[in-house]
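Since the structure comes first, as C-alpha cells, the remarks are kept for the end.
Read-outs throughout are calculated quantities, based only on the coordinates presented, and are distinct from any laboratory measurement. Since this is a predicted model, take the numbers as computed values, not measurements.
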Amino acid sequence: MLKTRHDTTDKVSVTINGQKVEVPARISVAAAVLSVRDGATRTTPVSGDGRAPYCMMGVCFDCLMDIDGVPNRQACMVTVANGMVINPQEGASRLGDGT
Ligand code: FES
C-alpha cells in the first residue's frame, strides 16, 4: 500500500497501541501507523468516530495522536524514533496537563 522513496534497511523499534513493531527509520509516525494497523489515529470528541491520516502534510489534523505521553501531536509531522510509544487519541485531550 505504501512505498517509501528512500532506503528502508534502517529500522527503529516503536510501540503502537501496545504492539511493539519495527518500522523503517525516518518515516513519519502516521506512515508507521498506516503500515502496521488499520490506520486509525484518533476518535472524534463528538461522535467517537474513527479518523485516519488524510493530508500527510500537517493541514487536516486528522492524525492527532498521543506520542510519548504527549497528546495532540500531529503524527504526520513527527519522525519515528527508537523506543517511541504511540497511542491513538480518544476524543478530546485537555491542554496543558498531558491528559
Ligand atoms: S494527516 Fe493531515 S495533519 Fe496529519
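In terms of the Cα gyration tensor, with a ≥ b ≥ c the square roots of its eigenvalues, is segment 32-72 rounded because a/c is under 1.5, prolate because a/b exceeds b/c, or oblate? Display every interim value, and only then the final one.
Details: a/c = 1.21, a/b = 1.13, b/c = 1.07.
Taking the square roots of the gyration eigenvalues as a ≥ b ≥ c, segment 32-72 is rounded.
What shape does the chain have by the C-alpha gyration tensor, where a ≥ b ≥ c are the square roots of the eigenvalues, rounded means a/c under 1.5, and otherwise prolate means a/b greater than b/c and oblate the rest? Verdict is prolate for the chain. Normalised by the number of residues in the chain, the mean separation of alpha-carbon contacts (under 8 Å, six or more apart) gives a relative contact order of 30 percent. Amide H to amide H under 5 Å from LEU64: which residues, 5+ apart in sequence or cross-chain, H placed 1.01 Å off N in plane? Those lying under 5 Å, H to H, from LEU64 are ALA75. Applying 0.36 nm per residue to the separation of VAL59 and GLN19 and subtracting their alpha-carbon distance, the gain on full extension is 11.6 nm.
In the chain, helices alone account for a calculated mean residue ellipticity at 222 nm of -2000 deg cm²/dmol, with every DSSP H run of four or more residues adding -39,500 (n - 2.57).
Net length available on complete extension from ASN82 to ARG37 is 14.4 nm, with 0.36 nm assigned per residue and the Cα-Cα distance removed.
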